[in-house]
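> Next up is a structure, given as structure tokens.
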Amino acid sequence: MKQDFEPKPGRQMRLGVFVQTPGHHVGGWRHPDATVEGWPNLGLMQHIAATAERGKFDMFFLGDGFATGYGEHPSTIGKFEPLTLLAALAMGTKKLGLAATASTTYAEPYHVARGFASLDHISGGRVGWNVVTTAYAKSSAVFGRQHPPHAERYAMAEEFVEACRLLWDSWDDDAFIGDKKAGQFVRPGSLHIPDFRGKYFTIEGALNVPRSPQGHPVLIQAGSSGPGQALAARIADVVFTAQNDLGEAQAFYAGMKAQLLEQGRGADEALVMPGVMPVVGRTEREACEIFAELNRNIDTAQAFTVLSERLGADMSVHPLDGPVPDIPETEHLKSRAALLLQMARRENLTLRELFHRVAAARGHLLPIGTPVQIADVLERWFRDGAADGFNVMPPFFPRQFDDFVKLVVPILQERGLFRADYTGATLRDHLGLARKRIAAR
Ligand SMILES: Cc1cc2nc3c(=O)[nH]c(=O)nc-3n(C[C@H](O)[C@H](O)[C@H](O)COP(=O)(O)O)c2cc1C
């Protein structure tokens with residue numbers, strides 16, 4: 001595919017592990033090798049972080065949302081609050097990047113800016129924030145508010161991020177001098193009180209956290225609609241996306257890079273990392289058996305909930321073995337619904353077949369095979385202009401992630417596609433991104 005920019009020679013892929021325990025696959029938790037005891041199980045999280053660091057991963061990523069209930073995906077029913085968990089994991093890891101979702105629709109910029117700045121200090125500069133607008137209306141229940149429409153959520157997100165950036169720049173880098181002789185704890189003139197007046201947020205005070213090691217945490221953006229991509233082009237260091245077709249992934253990648261250039265940014269200033277659910281087996285047959293077993297463990301009633309949620313309409317009223325009906329665009333997650341409907345049309349899927357795909361990987365890339373076959377898919381997408389790296393989404397934890405690190409990572413390393421060791425200290429270092437400097441005041 002033609003691109004307006006040249007990838008750097010010797011470029012290597014980035015890898016994150018998208019941690020949704022007990023597993024991304026709806027039936028993953030029922031696999032004999034999935035851990036489900038002692039929920040939410042800190043030991044399991046520590047094991048995954050240690051495994052990711054042994055595998056030289058760029059980051060450990062925790063998604064987040066607010067809804068719970070019987071029919072929810074097992075990974076969302078009961079879980080840790082992300083920032084407190086990352087603080088615990090920061091103490092047991094040295095190099096691994098630690099990223100989490102925080103919503104711009106259901107939070108205050110001050111709380112989010114403070115939490116991530118503090119974590120950046122605690123971890124020595126290893127933190128990333130996945131900026132999401134929270135797609136699902138049901139998230140509003142615990143806040144007692146109306147769920148804002150899509151366009152308004154993105155307008156709020158633009159202001160939210162701007163406010164956070166100003167808060168992070170409240171203090172100069174060299175503000176906290178602790179000069180005992182002169183009696184100056186902070187350097188005079190080093191405080192710059194933000195004055196931000198938006199439609200949704202107003203900030204007239206400074207952040208009481210010194211400027212953090214990375215300047216700003218790494219900013220990740222995960223919405224792929226038009227407004228989502230526009231926000232990413234302006235603010236993101238990393239773009240998470242769901243893609244399952246090489247051609248469409250290439251088009252998304254090229255489009256994202258073009259928008260970066262339009263914003264006056266470099267094409268490699270934001271890294272595109274599609275999600276991938278690798279089902280790894282020692283043999284192709286074993287991988288297929290693992291996948292078949294996972295699919296046998298899907299509860300149809302639960303998968304209907306997941307499918308309805310992803311498409312933004314009640315799917316249980318349609319026959320499972322009939323064609324996928326036309327569904328008008330909704331106010332929820334526009335890009336993912338469009339991706340799933342496109343996949344259904346392209347592959348002529350029935351509703352049952354589509355729901356199996358959604359229950360498995362929610363529309364993300366789903367390679368099933370030997371370590372070499374999985375590595376081949378990742379290499380192809382990486383080399384052919386579809387990805388700068390991948391957000392690995394194991395179908396269940398810990399076994400499938402252990403196997404990915406033990407069996408697939410060494411192949412990527414042998415091929416020179418992935419680092420043999422860390423060369424820097426911060427998440428920005430791992431990603432090849434510069435420390436965030438304070439914009440001219
Ligand atoms: C890898 C990945 C991770 C995501 N993590 C979250 C999350 O933790 N919480 C959330 O509310 N949305 C999450 N999303 C969803 C996006 O933020 C967004 O709502 C969705 O992709 C729809 O985007 P759109 O509204 O721009 O179409 C994630 C998306 C991707 C691709």
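No value in this document is a laboratory result; all are computed from the given coordinates. Computed from a predicted structure; not experimentally measured. So basically every Cβ, Gly included, is an ideal-geometry build from the backbone, and we count neighbours across all protein chains shown.
> Enumerate the helices in the chain for which the Kyte-Doolittle hydropathy averages -1.0 or more and the C-alpha atoms extend at least 20 Å along the helix's axis, using complete DSSP H runs.
The answer, listed by residue number, is 150-168, 246-262.
> Based on alpha-carbon centroids, what's the gap between the stretch 169-242 and the stretch 1-71 in Å, whole number please?
Comparing the Cα centres of the stretch 169-242 and the stretch 1-71, I get a distance of 27 Å.
> Shifting gears a bit: Taking only C-alpha pairs under 8 Å that are 6+ residues apart, what is the relative contact order of the chain in percent?
Reported as a whole number, the value is 24 percent.
> Name the long-range amide H neighbours of Gln184: under 5 Å, sequence gap of 5 or more, or other chain; modelled H, no Pro or chain starts.
Asp179
> Most fluctuating residue of Leu311, Leu431, Leu42 in a GNM of the chain with Cα springs under 10 Å: which is it?
Leu42
> Find the lysine pairs in the stretch 14-431 meeting two conditions, Cα atoms under 23 Å apart and a separation of 8 or more places or different chains, and report how many there are.
Taking the stretch 14-431 as the scope, the lysine pair count is 8.
> Tell me the Kirkwood radius of the stretch 313-441: reciprocal of the mean inverse pair distance over distinct alpha-carbon atoms, in Å.
Taking the inverse mean of 1/r over all distinct Cα pairs, the stretch 313-441 comes out at 18.1 Å.
> Give a quick list of GluC sites (Glu not before Pro) in the stretch 336-441 that DSSP marks as loop, anything other than H, G, I, E or B, with at most 16 other Cβ atoms within 10 Å.
Loop-located and lightly packed - Glu347.
> While we're looking at this one, here's another question. Between rounded, prolate and oblate, where does the chain land on the alpha carbon gyration tensor, with a ≥ b ≥ c its root eigenvalues, rounded for a/c under 1.5, else prolate if a/b exceeds b/c?
prolate
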